1. Filtering the stretch 69-94 down to residues that are assigned to a loop (DSSP other than H, G, I, E, B) and out of contact with any Ser or Thr (no Cβ under 8 Å at 6 or more places or on another chain), which residue is surrounded by the most Cβ atoms within 10 Å (Cβ to Cβ)?
2. Do any helices (runs of 4 or more DSSP H) lying entirely in the stretch 99-192 carry at least 2 residues that are of a type in the set (D, E, K, R) and either within 18 Å of the chain's Cα centre (by Cα) or farther than 21 Å from residue 204 by Cα (or both), and which ones are they?
3. Please specify each residue of the stretch 193-246 satisfying the condition of being in a loop (DSSP other than H, G, I, E, B), surrounded by 15 or more Cβ atoms within 10 Å (Cβ to Cβ) and of a type outside the set (A, V, I, L, M, F, W, C).
4. Could you give me the residue pairs with C-beta distances under 8 Å whose first residue belongs to the stretch 240-252 and is among the polar types (S, T, N, Q), whose second residue is assigned to a loop (DSSP other than H, G, I, E, B) wherever it lies, and which are 6+ apart or on separate chains?
5. Within the set of pairs 6 or more residues apart or between chains, which connect a residue that is more than 17 Å from residue 72 (Cβ to Cβ) inside the stretch 173-189 to a residue that is modelled with pLDDT of 90 or more and part of a loop (DSSP other than H, G, I, E, B) with Cβ atoms less than 6 Å apart?
Amino acid sequence: MSLTELGAAVRWLREHTEPAGDRTGRRVRGLRREELAELAGVSADYIRRLEQGRRHPSAGVVTALARALKIGRADYERLCALAGYAPVDGQVPREAGAAAMRLLERFGDTPAFLTDAAWNAIAVNGAWLALGGATASGARGWNVAWRTFCDPRREIARTDEHQAGFRAALAARLRDTSLRHPTDPALAELVDELRTTSRAFDTLWRSPKTVDAFENRAVFRTPDGEDIALDGSLLGVPGDDLMAVVLTAAPGSADAARLGEVVRASAGPAVLRVGQTGPG
């Protein structure tokens, strides 16, 4: 590993990115240190020291730099090698195996759905369908982050505190996914559209918050007009690199009773595969 070589490589890539227009409309070559720092989520002084061979970046920073510079796989692998890391996978896995589908089905009376690491819904169970969660509109209608930040469902309500926590968790997970999969074009396009469309998402992306656990509460308005308060938990499905979002009501509560009635009255399928473009 050579920090001097790594710094020189970062500087060369920064100075030889595709031309970008400045505020005066001129075409300029490369990125300024300040621009690269903002895109990668570090300081301009960190970039300066890195290029001087005086900083050893973490694997996450190397991946963030690669994505900010929009470099190809070969250049990314070279940066990783110079920094002493193994490159991460290029694309987000988007398929649910048989075991993951069986897991979803076994939740039975508990609303649950599967998403990939970019928050694209892959499958929902019958209890989720009973809550009226089968509808989606637009090209990104089945992406949880997009529905939350850009096209929220009127049937789901959260307090300001829970909404802030939910948004922070979505953005944090998506940022982590982008660091692990910097060369996935579909993921990069999603993040760019979210940052362009939602000021709230762009703020969280620029200044990410640390999220220790994913737990949230929301009130769901069912097709029959019933309000049900449910707590959401996130379970990892490591083998497929998926996430399962599970919604539960407090045992013995009126919400649990209403949920049971709604699920029992539903005649939908046990599990339904959905478009990959999520429940909000």
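The values are calculated or read from the model by the stated rules, or taken from the named source; none is laboratory data. Remember, predicted model here, so these are calculated numbers, not experimental data. Neighbour counts are summed over all protein chains in view; Cβ atoms, including those assigned to glycine, are modelled from backbone coordinates with ideal geometry.
1. Start the filter on the stretch 69-94 by keeping residues that are assigned to a loop (DSSP other than H, G, I, E, B), which leaves 70-72, 84-94.
Still in the list and also out of contact with any Ser or Thr (no Cβ under 8 Å at 6 or more places or on another chain): 71, 84-87, 89, 93-94.
On the way: 71: 20, 84: 13, 85: 17, 86: 8, 87: 18, 89: 12, 93: 15, 94: 17.
Once the filter is applied, the top-ranked residue is 71.
2. Values: elements: 126-130, 144-149, 160-180.
It comes to 160-180.
3. 198, 208, 222, 241
4. Taking only residues 6 or more apart or on different chains, the pairs are 248/110.
5. Filtered contacts from the stretch 173-189: 177/117; 177/118.
Residues checked against (1) more than 24 Å from residue 185 (Cβ to Cβ); (2) modelled with pLDDT of 90 or more; (3) in contact with an Asp or Glu (Cβ under 6 Å, 6 or more places away or on another chain); (4) surrounded by fewer than 18 Cβ atoms within 10 Å (Cβ to Cβ):
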position: 24; (1), (2), (3), (4): yes, no, no, yes
position: 36; (1), (2), (3), (4): no, yes, no, no
position: 44; (1), (2), (3), (4): yes, yes, yes, yes
position: 56; (1), (2), (3), (4): yes, yes, no, yes
position: 64; (1), (2), (3), (4): no, no, no, no
position: 67; (1), (2), (3), (4): no, no, no, no
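Residues are listed down the side, and each one gets a yes or a no for (1) touching an Asp or Glu at 6+ places or on another chain (Cβ under 6 Å); (2) under 17 Å from residue 107 (Cα atoms); (3) at pLDDT 95 or above:
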{"residue": "209", "(1), (2), (3)": "no, no, no"}
{"residue": "216", "(1), (2), (3)": "no, no, no"}
{"residue": "220", "(1), (2), (3)": "no, no, no"}
{"residue": "225", "(1), (2), (3)": "no, no, no"}
{"residue": "235", "(1), (2), (3)": "no, yes, no"}
{"residue": "238", "(1), (2), (3)": "no, no, no"}
{"residue": "241", "(1), (2), (3)": "no, no, no"}
{"residue": "244", "(1), (2), (3)": "no, yes, no"}
{"residue": "253", "(1), (2), (3)": "no, no, yes"}
